[in-house]
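Presented below is the structure to which this report refers.
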Amino acid sequence: MPADLRAAAGLLRSARYAVALTGAGVSTPSGIPDFRSPDSGLWNDVNPLVAASLIGFRIRPKEFYRWARPLARLIVEAEPNPAHFALAELEQRGILKALITQNIDLLHERAGSKVVYEVHGHIREATCVRCHRVYPSADFVDEFVYGDAFPRCPRCKGLLKPNAILFGESLPPEAINRAYQAARLCDLMLVVGSSLTVTPVSELPAVALSNGAQLIMINKEPTHYDHRGRVVIHEDAADLLPRLIDLLDEAA
Ligand code: NAD
């Protein structure tokens, strides 16, 4: 068992208020590609700042849906993986007080996490861009994912936009405010599977550090925060996090 994993377990054990900050890397073992790993496929033929942007959606909604359909299918068919379950377990044990996620895929909740701040929105609901009515995605997801129709408002026939945040769109104020509050309160932040390149979420570890918290970084690739991490491990989170739970058990 590597010493850095033992050190991470020790930090979690003694934390008064630990929070997790997760990104797309937590869900890659569930089959959902992240945005920046090489060959993830999501961005091979498109510019992310256009395809997944609010302006792109408004100008060329059909292109947006054509790009989003295969991703939506992967998300709909995905199951939580051991990394999601381990994070839920850390909350159940009273160690994690909150989980801030950039993911829109609902897998943390499905794994059992309760206090989840979805700072980039989610695909649970969609909003009509014309009349602003909100619908559960379950009402139209099969037709969208397995058919070739674009989701439309049953009332006014306007296009439905998933409540996942696109580039150029404001973040949900309540979730982002709670995330900042958690970053200010915590004495330990566990960052898992995020390149920490999307603002303002990329500021949250700095907020935590400036309030005296320690950082644990678990990521396949290095990030620009690694030099500030008390423990930095470059491994697959789905493999590593269950081993971290085992270590907590060993010490119990
Ligand atoms: P990112 O793609 O920028 O970075 C992912 C990071 O996770 C990379 O550093 C990579 O090395 C690491 N990683 C990949 N697989 C891993 C694994 N198995 N274990 C540990 N680390 C792993 O992702 P981001 O920082 O979350 O930012 C991307 C944006 O894309 C976010 O806004 C997010 O909302 C969105 N997004 C969400 C999903 C999702 O909901 N599952 C998927 C793709 C993108």
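The values are calculated or read from the model by the stated rules, or taken from the named source; none is laboratory data. No experiment lies behind these values; they were computed from the predicted model shown. When we count neighbours, we look across all protein chains shown, and the Cβ atoms used for this are built from the backbone with ideal geometry, even at glycine. Each accessible area value is taken on the protein alone, full model and side chains, heavy atoms only, with ligands, DNA and RNA left out. Shrake-Rupley method; radii C 1.70, N 1.55, O 1.52, S 1.80 Å.
Tabulated values for the structure
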| item | result |
| --- | --- |
| Largest-first ordering by accessible area, 1.4 Å probe, given options K220, K114, K97, K62 | K114, K220, K62, K97 |
| The stretch 1-28 and the stretch 69-102: distance between their alpha carbon centers, rounded to Å | 14 Å |
| Nearest-ten-degree value, helix 61-77 long axis tilted from longest Cα axis of the chain | 50 degrees |
| Point-charge dipole on Cβ atoms (K/R +1, D/E -1) for the chain, about Cα centre, debye to 20 | 1000 debye |
| Helix 82-92 vs. the chain, principal-axis angle (Cα, 0 to 90°, nearest 10) | 70 degrees |
| Net charge of neighbours whose Cβ lies under 14 Å from the Cβ of A179, counting Lys and Arg as +1 and Asp and Glu as -1 | 0 |
| About the Cα centre, charge dipole magnitude for the stretch 71-155 (Lys/Arg +1, Asp/Glu -1 at Cβ), debye | 380 debye |
| Environment charge of I233, counting only residues whose C-beta is closer than 14 Å and scoring Lys/Arg +1, Asp/Glu -1 | -2 |
| Solvent-accessible heavy-atom area per residue, rounded to whole Å², over the stretch 199-252 at 1.4 Å | 47 Å² |
| Considering only the stretch 118-220, percent of DSSP beta bridges that pair antiparallel, nearest 5 | 60 percent |
| Extended-chain gain in nm, criterion 0.36 nm per residue less alpha-carbon gap, D226 and D239 | 2.7 nm |
| V231, V134, reordered so the largest accessible area comes first (probe 1.4 Å) | V134, V231 |
| q = 0.11, 0.15, 0.16, 0.17 Å⁻¹: log10 I(q)/I(0) that the Debye formula gives for the chain, counting C-alpha atoms only | -0.59, -1.04, -1.16, -1.28 |
| Beta bridge orientation in the chain: antiparallel %, DSSP, nearest 5 | 25 percent |
| By accessible area with a 1.4 Å probe, ligands and nucleic acids excluded, highest first: order of V26, V129 | V129, V26 |
| Within the accessible area of the chain (1.4 Å probe), percent carbon and sulfur | 52 percent |
| Cβ-based charge dipole, the chain, positive-most Cα from A15, H120, N219 | H120 |
| Amide H contacts under 5 Å for Q214, placed H, 5+ residues apart | L188, M189 |
